[in-house]
Amino acid sequence: MGATSEPGVVVLGAGYAGLTCAHELTRAGRGRIPVTLVDRHPFHVLRTELYEVGRIARDPEHVEAWAVPFSKALDDLAITQEVGEVEAVDLAQRTVRVSGRTIAYRGLAICLGSIPAYYGVPGAETETNQVYRMGGAQRLATELRRIEADSARGPPEGRPRVVVIGGGSTGTEVAAEIATADWASIVGEPAKAPLVRLVTGKVPFLEGLPEGLVRHARRLLGKAGVELIEGKNVQRVARGEAHLEDGTSVPFDVAVWCAGVQAPPLVRNLPAAHGKAGRLLVTEHLELPEWPGVFGVGDVIEFKDPSTGMFVPATAQAALAEAPVAARNAIARLTGTPLKPFRYREKGVIVAVGVGRGAGKVGGVTVWGSPAALIAALQQKEYALRVRHPR
Ligand SMILES: Cc1cc2nc3c(=O)[nH]c(=O)nc-3n(C[C@H](O)[C@H](O)[C@H](O)COP(=O)(O)OP(=O)(O)OC[C@H]3O[C@@H](n4cnc5c(N)ncnc54)[C@H](O)[C@@H]3O)c2cc1C
């Protein structure tokens, strides 16, 4: 197979990291560097909104609500789009294979995101749903519609049972959303409010987030009627039952796995240094130390900011901050100019805790309830608007 495009910078993945990186490459490169953006979808997924399974359940096929087509996201920017599956990356030959086609590159940005980590727990992958990918969120929304519609026709005391596994921000957001969504209006029948249990596992609930946020999130979850089961890991998931390590079990009609993410297999298998969960270790220029001109951005990397000694979190906020730096450094490699280091300053963090509610810390101030939800909604809207109207 021969190379099919003029070598420039190839960006793998059009999520928060990849889309921003491609934009910055065209902007900072003033259109002089060919940029190719590759993704398996012809659209950019607003992944941070995928916990909103109540909203998705209103019409699971209405993809435009949480995905922006490339025709809009790339407008008439000078970016070549390649829709297909990234199947292989040959770092020595400087080529990537996308759905059977070979593309040569001079610079590469690996922005392939993350996939669920099941930690070898039997049944976790087959018996649970997930919201880390759009298809997963759509399937979960469809399942929830089904059990809610059944509850409308079933015995009066029978509430649908949902178990959410994972006590980080994704698990918290999903559990609270399911508990507070207006299911009767969503399914158009007198559906019953589901009984939602959140199994946080051995890791402390919302570990790593500010104490005030955690306190308010706990209180809001209680108000939403979510039952917290803390301190016990899930050992096995069978059909309709999550077995915990203390011998007890949690019955469910629908289970959701939110216990963490890892690098995709393609990234794990690259001949480069890896950190936890198969993430790529990068220099402070976000470059792979062994492969000059190859950069990692977003969920695929592990990077400890030397100025704070803290690991940069796997969040959209971090991916959006890293991408312009990686893009400019990719250009610097091609033009022989000095590379700039990446430094991370978190702007704040907000966790949605039920429809119209949230808890967070922004600019050093703890916010909760509807103001927190409003700030988060405005941030999401601002980002989505920017992606839909890139110029
Ligand atoms: C429910 C939920 C809520 C979240 N909320 C927040 C939040 O409020 N704030 C926040 O900052 N972060 C949040 N996050 C985390 C955030 O979504 C991720 O950190 C972010 O998406 C990482 O960006 P990325 O570009 O690295 O990966 P992604 O956005 O996942 O993009 C990766 C892209 O690569 C593509 N891809 C992957 N493999 C292949 C392949 N082999 N071939 C072709 N294409 C491929 C995918 O299709 C995708 O478009 C949330 C995550 C979830 C799941």
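The values are calculated or read from the model by the stated rules, or taken from the named source; none is laboratory data. Every value quoted in this text rests on a predicted model; they were computed, and no experiment measured them. Here the Cβ is made from the backbone with ideal geometry for all residues, glycine too, and neighbour counts use every protein chain on show.
On inspection, GLU211 passes the criterion of being farther than 29 Å from ALA149 by Cα and among the acidic types (Asp, Glu). In this structure, VAL387 does not satisfy being part of a strand (DSSP E or B), surrounded by 16 or more Cβ atoms within 10 Å (Cβ to Cβ), of a type in the set (Val, Ile, Thr) and touching a strand residue (DSSP E or B) at 6+ places or on another chain (Cβ under 8 Å).
The requirement of being in contact with a Ser or Thr (Cβ under 8 Å, 6 or more places away or on another chain), surrounded by 14 or more Cβ atoms within 10 Å (Cβ to Cβ) and at negative phi is not satisfied by VAL367. Scanning region 289-304 for residues that are surrounded by 16 or more Cβ atoms within 10 Å (Cβ to Cβ) and either within 22 Å of the chain's Cα centre (by Cα) or of a type in the set (Lys, Arg) (or both) yields PHE295, GLY296, VAL297, GLY298, ASP299, VAL300, ILE301, GLU302, PHE303. The single condition from (1) more than 9 Å from the ligand (Cβ to nearest atom); (2) closer than 22 Å to GLY298 by Cβ; (3) surrounded by fewer than 21 Cβ atoms within 10 Å (Cβ to Cβ) that GLY84 fails is (1).
Within region 112-128, one or more residues are more than 30 Å from ARG239 (Cβ to Cβ) and within 16 Å of the ligand (Cβ to nearest atom).
Scanning region 241-270 for residues that are in a strand (DSSP E or B), within 12 Å of the ligand (Cβ to nearest atom) and under 15 Å from LEU198 (Cβ atoms) yields VAL256, TRP257. Being farther than 25 Å from LEU112 by Cβ, of a type in the set (A, V, I, L, M, F, W, C) and within 13 Å of the ligand (Cβ to nearest atom) holds for only one residue in VAL351, VAL297, and it is VAL351. Only strands (runs of 3 or more DSSP E) whose full extent lies in region 7-66 are considered here, and the ones with at least 1 residues that are within 21 Å of the chain's Cα centre (by Cα) and either of a type in the set (Ser, Thr, Tyr) or more than 23 Å from VAL174 (Cβ to Cβ) (or both) are 8-12, 35-39. For ARG159, the conditions (1) farther than 22 Å from ILE186 by Cα; (2) in contact with a helix residue (DSSP H, G or I) (Cβ under 7 Å, 6 or more places away or on another chain); (3) assigned to a loop (DSSP other than H, G, I, E, B); (4) not hydrophobic (A, V, I, L, M, F, W, C) are fulfilled apart from (1). When GLY275 is tested against (1) surrounded by 16 or more Cβ atoms within 10 Å (Cβ to Cβ); (2) within 28 Å of GLU322 (Cα to Cα); (3) at pLDDT 95 or above; (4) out of contact with any helix residue (DSSP H, G or I) (no Cβ under 7 Å at 6 or more places or on another chain), exactly one condition is not met: (1).
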